[in-house]
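Reading through the structure tokens given below for one structure.
No lab work stands behind these numbers, since they all come straight from the coordinates. What you see is a predicted model, and the numbers here were worked out from it, not measured in a lab. When we count neighbours, we look across all protein chains shown, and the Cβ atoms used for this are built from the backbone with ideal geometry, even at glycine.
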Amino acid sequence: MEESALLSEVYHVSKSHPLHRNYFGVWKSEAGIIQRDINFYERRNNLQGLVIRAAAITEPPVTILRKEENTLILEGFFGKIWKTLEKQLNFTTEFSTPEDQAWGSLTSNGTWNGMIGMILRNEVEYAVTEFTMTSLRAQVVDFSIPLIDTRNCVIIRYPQGKQISSWTDLLNPFCREIWIIILVIIVVTSLFPKITFYMLRRLQVTVNKETEDAYSSIYIIGIFFGADIQIGYTTWRILCLVAYLTAVTISVAYSAFLISFLTEQKIALPFNSLRELIDIKTYKLGVLANSGQLNNFNNATEPVMMEVYAKLIKPDKDNLPITIEEGMQRVCARSQ
């Protein structure tokens with residue numbers, strides 16, 4: 001006869017909560033353990049009104065702490081997620097904030113500050129905010145699955161765009177080749193009367209001095225600069241019309257390119273790498289105090305990262321911004 005036994009799991013949510021019993025499965029002498037087809041999280045999805053201690057800081061829009069009747073209430077993107085967990089798992093939360101308003105970083109004496117320090121000192125069980133998952137932090141705390149993807153970047157004041165600082169800047173709308181073509185057109189067009197009168201004399205056609213002076217090349221050049229001239233012969237009219245149309249086309253094109261040149265902002269970044277940032281020697285680099293980004297630099301082993309910390313961060317490490325907002329205000333207040 002086959003022997004069998006019912007298997008149950010017994011646990012309590014906390015020391016102050018009563019024991020809870022769940023049917024786990026059955027053991028049979030021939031088949032062994034036949035486990036109930038429900039995973040661990042489905043079996044233990046009720047925390048029975050447990051009060052969880054959690055740390056959080058205000059960092060809009062991810063986390064926003066609001067005080068209501070001496071109670072901190074978490075709002076923002078993560079606040080909505082946390083409230084959903086409270087409802088689904090049947091627990092409530094008592095929030096508190098770290099004294100240094102920091103996420104948490106490893107200090108020189110080997111201890112952790114910020115919210116990570118609160119977890120390690122058993123002041124709270126959880127920290128609910130946007131954390132950078134670093135290998136250093138992963139050695140002392142556990143992270144949830146990633147909820148958002150971010151990346152680290154260097155933020156500088158918006159560089160100034162193109163400005164007219166000298167007369168030579170007025171030539172920038174056209175490239176050098178275009179200016180050469182325009183100059184050639186003006187020269188060739190203005191020389192046309194000279195060539196015409198020269199050919200007439202070669203053909204022994206009499207041209208008086210007054211006629212030749214009246215249709216001087218100077219007048220053709222003047223057309224390109226908006227001069228008004230008297231038009232006589234048909235040939236002269238055709239030449240002036242060609243010159244006028246050419247001048248108008250050049251003027252319109254130049255005006256359009258000049259407006260585009262002044263209004264279109266093509267920003268040239270002052271540096272494109274940390275190496276270039278170091279070599280400029282006029283910029284300061286700030287990171288959030290007691291943050292994972294700070295640990296990325298002060299615990300770095302890569303030479304460039306170590307040099308960035310030594311030259312750009314360490315001299316001002318006691319005056320680093322506490323929040324992103326404070327950091328952005330500093331960036332906007334300083335030229336470099």
Study note, to complete from the structure: Amide H neighbours of ALA127 at under 5 Å, excluding residues fewer than 5 places away on the same chain, with H built from the backbone geometry, are ALA55
**Study point:** Selection from HIS20, PRO146, LEU7 lying farthest towards where the dipole of segment 1-147 points positive, charges on Cβ
**Key:** HIS20
Point to revise | Under Karplus coefficients 6.51, -1.76 and 1.60, residue-wise ³J(HN,Hα) of segment 80-87 in Hz, glycine/proline x | key: 5, 5, 5, 5, 5, 5, 4, 5
Check your understanding: What residues have an amide H closer than 5 Å to that of LEU50, excluding those fewer than 5 places away on the same chain, when H is modeled at 1.01 Å from N in the peptide plane?
Key -> THR92
Revision key, fill the gap. The local net charge around LEU7, scoring Lys/Arg +1 and Asp/Glu -1 for residues other than LEU7 whose Cβ lies under 13 Å from its Cβ, equals +3
Study note, to complete from the structure: When MET115, MET133 are arranged by how many other beta-carbons sit within 10 Å of their Cβ, fewest first, they go MET133, MET115
Review point. If R0 is 22 Å, what FRET efficiency do you get for THR71 and THR132 from their C-beta distance, rounded to 0.05?
Key: 0.15
Check your understanding: Which part of segment 112-132 falls in the paramagnetic zone of VAL140, meaning amide N under 12 Å from the point 7 Å along Cα-to-beta-carbon?
Key -> 112-122
Review point. Amide H of GLU75: which non-local residues (sequence gap of 5 or more, or other chain) have their own amide H closer than 5 Å, using H built in the peptide plane?
Key: ILE64, LEU65, ARG66
Check your understanding: Tell me, what HN-Hα J-couplings in whole Hz come from the Karplus equation 6.51 cos²θ - 1.76 cosθ + 1.60 at θ = phi - 60° for each residue of segment 307-312, using x for Gly and Pro?
Key -> 5, 4, 5, 5, 9, 10
Revision key, fill the gap. Cβ-Cβ cut-off under 15 Å around GLY79, Lys and Arg +1, Asp and Glu -1: the net charge is -1
